[in-house]
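Just below is one structure, and these are the notes that go with it.
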Amino acid sequence: MVVKFKTRITEMLGIEYPIIQGGMAWVANAELAAAVSNAGGLGIIGAGNAPPDWLEGEIRRVRELTDKPFGVNVMLLSPFVDDVIELLKREKVPVVTTGAGSPQKVIDALKPLGTKVIPVIASVAHAKRVEKQGADAVVAEGMESGGHIGELTTMALLPQVVDAVKIPVIAAGGIADGRGFVAALALGAEGVQMGTRFVCAQESPAHIRYKEKIINAGDRDTVVTARITGHPVRCLRNKLTREFERLEEERAPIEEFEKLGIGKLRAAVVDGDVEWGSVMAGQIAGLIKDIKPAKKIIEDIMSEAYEVLKKLSVTYLRGEVS
Ligand code: TUI
């Protein structure tokens, strides 16, 4: 049974299910975003470090592929961030999420146009700050996530953020099935964002070797590298992560880490170089066992969530809730 979970997030965004697809650089293109939006979630195009003309094409394409709401993720470390914001102003994109920095200029530019701005945050202080700045909701992202991460786990971060802000909170990090979805709601989230699960969607453009590396991963196969640069990144273990570890042991200068990182996400996602590329993935990779359409990912989560809630209520409340 696929039930509707109405929350402030589904209402604010005009979506059927409170499931958002992470705005992953190189992976989150128009095809993936449209598939998620058409399935009743919120698909997001990841701007990453891409130039604005690429993003403009993806926005045009997603509008051809769906008439449902969609979003764009702005990676605040991008060299093109100001041009990307200008483009988003012109395009009047319904939802914008931000990552890897302070979203002040995104909020100031886009909120007056009615765009819903949802920063990804990794601490209570940052959540409070963006609420004051005018954010419509936040994604509280735990360090179980893939890619650039903060320090707290989803389990610890989420309830603290929920208690600290009035705007709705979306949980991210370590969620890939109906159990994780219900756990996030139990901690006070009103939606979930998933990245790694959607990398393995059929519509995801990630190279088949990238998807297979996630599917073959176990629970301890991710590592966090480049902590010393101030931008720690979680990836699946491979030759590249071992090289990063070697630089760490040698206490190499930060420039060496930056040099080693250049172009490596593209190498993994586009070229399928899963040994020397950066295979960003969350700790939940070990739970992901198949490639399936985005629609099936969402339906399975919603029906599992229903079963989990039923089981919990029967086991612990003797069916007292209807
Ligand atoms: O942004 C992400 N995940 C990412 S971005 C990315 S591309 C990249 N590659 C190498 C190095 C750096 C980036 C790959 N994965 N998630 C959202 C997120 N944002 N996680 C943590 C944060 C964050 C961290 C610090 C947000 C704000 C912040 O500082 C706040 C401030 O005010 O500066």
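The values are calculated or read from the model by the stated rules, or taken from the named source; none is laboratory data. Worth saying up front: this structure is predicted, and the values here are computed from it rather than measured. A quick note on method: Cβ atoms are made from the backbone with ideal geometry, for glycine too, and the neighbour counts reach across all protein chains shown. Each accessible area value is taken on the protein alone, full model and side chains, heavy atoms only, with ligands, DNA and RNA left out. Shrake-Rupley method; radii C 1.70, N 1.55, O 1.52, S 1.80 Å.
Overview of results
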read-out	value
Region 166-322: C-alpha gyration tensor shape, a/c 1.5 cut-off, then a/b vs b/c	prolate
Packing-based ranking, highest mean first, of 115-126, 7-18 given that Cβ atoms within 10 Å are counted	115-126, 7-18
Most mobile listed residue (LYS310, LYS295, LYS89) in the chain, GNM with C-alpha springs under 10 Å	LYS310
Shape category assigned to the chain from the gyration tensor of Cα positions, a/c cut at 1.5	rounded
For GLU144, distant residues with modelled amide H under 5 Å away	THR154
J(HN,Hα) series, region 154-162, from Karplus relation 6.51 cos²θ - 1.76 cosθ + 1.60, nearest Hz, glycine and proline x	4, 4, 8, 5, 4, x, 5, 5, 4
Dipole magnitude of the chain, debye to nearest 20 (Cβ charges: Lys/Arg +1, Asp/Glu -1, about Cα centre)	620 debye
Accessible surface, per residue, of region 207-322 when the full set of protein chains is kept, probe 1.4 Å, Å²	57 Å²
Accessible carbon and sulfur surface of region 85-158 relative to its total accessible area, %, 1.4 Å	55 percent
Inter-part distance where region 231-299 and region 87-138 are each reduced to a Cα centre, Å	27 Å
Cβ-based net charge around GLY22, under 12 Å, with every Lys or Arg adding one and every Asp or Glu removing one	0
For the chain, built as a Gaussian network whose Cα springs stay under 10 Å, the top-fluctuating residue of GLU131, GLU64, GLU144	GLU64
Summed residue charge, Cβ within 13 Å of LYS89's Cβ, Lys/Arg positive, Asp/Glu negative	-2
Where only C-alpha atoms are counted, convex hull volume of region 1-76 per residue in Å³	85 Å³
For TRP26, distant residues with modelled amide H under 5 Å away	none
Region 8-60 - accessible surface per residue (Å², probe 1.4 Å)	30 Å²
Accessible area of region 161-311 belonging to carbon and sulfur atoms, whole % at 1.4 Å probe	51 percent
Note, ³J(HN,Hα) from phi for region 27-37, Karplus 6.51, -1.76, 1.60, rounded to Hz, x at Gly and Pro	9, 7, 9, 5, 5, 5, 4, 5, 4, 5, 5
Global form of region 147-255, assessed from the alpha-carbon gyration tensor, a/c cut-off 1.5	oblate
Most mobile of ALA186, ALA35, ALA172 in a GNM of the chain (Cα contacts under 10 Å)	ALA186
